[in-house]
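Please read the structure below before turning to the comments.
The values are calculated or read from the model by the stated rules, or taken from the named source; none is laboratory data. Nothing here was measured: the structure is a model prediction, and the numbers come from that model. All Cβ positions, even for glycine, are placed from backbone atoms using ideal geometry, and neighbour counts span all protein chains on display. Each accessible area value is taken on the protein alone, full model and side chains, heavy atoms only, with ligands, DNA and RNA left out. Shrake-Rupley method; radii C 1.70, N 1.55, O 1.52, S 1.80 Å.
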Amino acid sequence: MGKGIGYGKTILFGEHFVVYGLPAVASAISDITTATVAKGEKGLELIDNRPAIEGYKTKKQGEITRGLDLIMKFLKIDLEKTPLKITLAGNLKCVSGVGASAALASSIARALNEEFSLGLDDDGINEVAYEGEKGSAGTPSGIDNTCSTYGGMLVFEKNLEGGPNKIDLLEVKEPIKIVLASTGITQETKEVVADVKAEKEKNSEEYGKIFAEYKDVFDEGLAALKEGHIEKLGELMDRNQELLRKINVSCDEIEKIISVAKENGALGAKLTGTGRGGLVICLAPDEETQERIAKAVEAAGFEATKTSLGKG
Ligand code: MEV
């Protein structure tokens with residue numbers, strides 16, 4: 001039996017912009033998906049015991065099947081000859097924005113590596129997980145699977161020429177306290193990424209300006225992160241959210257969570273991941289405020305999880 005894990009993730013700066021080769025910052029969270037691979041009876045039997053918000057698994061069924069198919073093809077595993085039973089579990093609650101599909105792909109890649117003694121290192125696992133991600137994101141940047149595979153906090157820049165992506169591991173001075181708040185809405189990454197692409201092509205001048213502004217936000221945000229300047233970091237997360245609004249990937253539920261979080265002391269708050277639903281990342285200056293934000297978000301009818309990023 002082969003076993004593997006994949007981390008959940010959150011994006012601090014750069015979802016969507018990262019698809020076009022701009023740098024982004026993401027961090028793994030400690031919640032994981034686990035996969036076990038064993039010999040099966042016929043074709044592929046998938047048992048999905050992952051916790052999930054209502055409706056997630058039904059909505060994502062097509063993506064999961066596509067992703068698994070791509071992984072098997074990439075690894076040249078013939079399920080007719082080698083039937084498999086894959087079981088998914090772990091404490092990562094599946095919701096849009098948390099990198100659940102990447103954690104699935106990464107954990108399965110690791111489990112297959114063990115089951116078939118493929119001898120893949122982390123870079124090899126990441127390549128397989130990227131194939132799986134294509135099932136969900138169409139033309140993914142690779143940031144989600146990279147985070148799921150390596151863990152930790154990182155700067156990611158997609159190589160648009162097709163060579164290796166730039167991945168720099170980041171260390172922060174102090175762990176960053178956040179609240180991840182859920183809109184409860186499941187989104188299809190592939191669709192939202194395709195919409196942004198179409199709008200970008202139609203309004204190339206306007207989008208050019210937005211993308212240039214994002215690069216400034218990223219540069220300042222990275223410096224604030226490295227210096228541990230938490231207030232500045234919050235301001236820049238807000239500016240990033242402003243740009244995400246402009247490319248039309250926010251929604252009423254995201255905006256509601258942001259205003260509740262800000263009213264209750266969040267230094268900054270933005271959507272994280274695909275957007276138009278999914279999760280909001282809220283930055284807290286201290287534990288007390290983190291607790292207050294989480295309670296207020298829950299009182300407004302949304303789920304909230306407190307966690308911290310970076311080992312310090
Ligand atoms: C999804 O977590 C992040 C996106 O930028 C898509 C991608 O990078 O592949 C929306």
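What number of residues in region 300-312 are more than 15 Å from residue 262 (Cβ to Cβ) and touching a residue at least 24 places away in the same chain (Cβ under 8 Å)? Going through region 300-312 one residue at a time, the tally reaches 9.
Out of all the residues in region 50-64, is one or more open to solvent by 20 Å² or more (accessible area, probe 1.4 Å) and modelled with pLDDT of 95 or more? The answer is yes; a qualifying residue exists. Would you check if residue 81 is of a type in the set (Lys, Arg) and modelled with pLDDT of 95 or more? So residue 81 passes the test.
Filtered by the rule that a residue be open to solvent by 30 Å² or more (accessible area, probe 1.4 Å) and within 20 Å of residue 110 (Cα to Cα), region 5-35 gives 5, 7, 30, 31, 32, 34. Has region 98-109 got any residue that is more than 16 Å from the ligand (Cβ to nearest atom), in contact with a helix residue (DSSP H, G or I) (Cβ under 7 Å, 6 or more places away or on another chain) and outside the structural domain of residue 186 (by TED's automatic domain parsing)? Looking for residues that are more than 16 Å from the ligand (Cβ to nearest atom), in contact with a helix residue (DSSP H, G or I) (Cβ under 7 Å, 6 or more places away or on another chain) and outside the structural domain of residue 186 (by TED's automatic domain parsing), one finds at least one in region 98-109, hence yes. Is it the case that some residue within region 217-236 is among the β-branched types (Val, Ile, Thr), outside the structural domain of residue 58 (by TED's automatic domain parsing) and open to solvent by 20 Å² or more (accessible area, probe 1.4 Å)? Yes; the residues of region 217-236 include at least one that is among the β-branched types (Val, Ile, Thr), outside the structural domain of residue 58 (by TED's automatic domain parsing) and open to solvent by 20 Å² or more (accessible area, probe 1.4 Å).
Got at least one residue in region 287-296 being part of a loop (DSSP other than H, G, I, E, B) and touching a residue at least 12 places away in the same chain (Cβ under 8 Å)? No: zero hits. For region 134-183, filtered to residues that are open to solvent by 60 Å² or more (accessible area, probe 1.4 Å) and among the β-branched types (Val, Ile, Thr), the residue that is farthest from residue 66 (Cα to Cα) is 167. Only one entry of 293, 281 meets the criterion of being β-branched (Val, Ile, Thr) and within 16 Å of the ligand (Cβ to nearest atom), and that entry is 281.
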